[in-house]
1. Pairs please, first residue from the stretch A:82-105 and within 8 Å of chain B (Cβ to nearest Cβ) and under 16 Å from A:D47 (Cα atoms), second anywhere and at pLDDT below 95 and surrounded by fewer than 19 Cβ atoms within 10 Å (Cβ to Cβ), Cβ atoms under 8 Å, 6+ apart in sequence or on different chains.
2. Hey, does the stretch A:23-45 have a residue that's within 15 Å of A:I85 (Cβ to Cβ) and crowded, with 20+ Cβ neighbours inside 10 Å?
3. Here are the criteria: (1) closer than 19 Å to B:A43 by Cβ; (2) within 11 Å of chain B (Cβ to nearest Cβ). Tell me which single one A:P34 does not satisfy.
4. When you scan the stretch A:11-22, do you find a residue that is surrounded by 12 or more Cβ atoms within 10 Å (Cβ to Cβ), within 14 Å of another protein chain (Cβ to nearest Cβ) and not charged (D, E, K, R), even just one?
5. Quick check on the stretch A:46-57. Is at least one of its residues facing chain B (nearest Cβ under 7 Å), acidic (D, E) and surrounded by 15 or more Cβ atoms within 10 Å (Cβ to Cβ)?
Amino acid sequence: MSDLKSELQYIHRTVSKHFVQTNDIGESWDMPPPGYNGHQWLRDDCDGFCLACRVLLRDMGIASRLVYCELGRSGHLVVEVQGWILDLRQRSVVANTLLPHYRWLRISGYEAGDPWREIINDEATLTLTMASLG
Amino acid sequence: MKTQTRRRFLISLGVTLGVASLGLNGCSSIEPQPFSIGVVVKAPKGCQELLAKDKRGDC
């Protein structure tokens, strides 16, 4: 396993361990409390999970982006680092190519306030995934 | 004796190649691909509100 993926797995595991998932009511995004280091308990939905991961990623000097996507008809938020996805709904870090049922829509910049951009869902990623899965 | 040694070598070679081939197909991990990114769009509503209400907002 690469060093980067090991670090991402560590962050995903740390946040997940002290995270209680609540119902996704409305679209209110909240940062974790000041001084958050992964060991405080959080009660939130996918947005809160992503923002918590982003705090720890920033602390470790790892650049990340937020990705807004759709699963069925539900909006969902994940964190992306070089194509690796940290997601409240996954048990570990996974490659974006392993999530063909996610409809990727918008991606943030690396810094707060950076513009968001559309994600073009071309067939290449899906084709690659399906070929890899045989 | 010579035949036995050769047979043992061929078996070892076969096992080694078999194990090595596992890494090339079903057991290999699938690598991520970069997203194809297009034009600038609006940030999700939750992000816009976060930036408005919290100066620590990171989205």
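The values are calculated or read from the model by the stated rules, or taken from the named source; none is laboratory data. The model shown is predicted, which means the values in this text are computed figures rather than measured ones. We place every Cβ from the backbone using ideal geometry, glycine too, and count neighbours over all the protein chains shown.
1. As it stands, the answer is A:W104/A:N121, since those pairs meet every condition given.
2. Restricting attention to the stretch A:23-45, the residues satisfying the condition of being within 15 Å of A:I85 (Cβ to Cβ) are none.
Looking through the stretch A:23-45, none of the residues is within 15 Å of A:I85 (Cβ to Cβ) and crowded, with 20+ Cβ neighbours inside 10 Å.
3. The one condition A:P34 does not meet is (1).
4. So far as the stretch A:11-22 goes, no, none of its residues is surrounded by 12 or more Cβ atoms within 10 Å (Cβ to Cβ), within 14 Å of another protein chain (Cβ to nearest Cβ) and not charged (D, E, K, R).
5. Checking the stretch A:46-57: at least one residue is facing chain B (nearest Cβ under 7 Å), acidic (D, E) and surrounded by 15 or more Cβ atoms within 10 Å (Cβ to Cβ).
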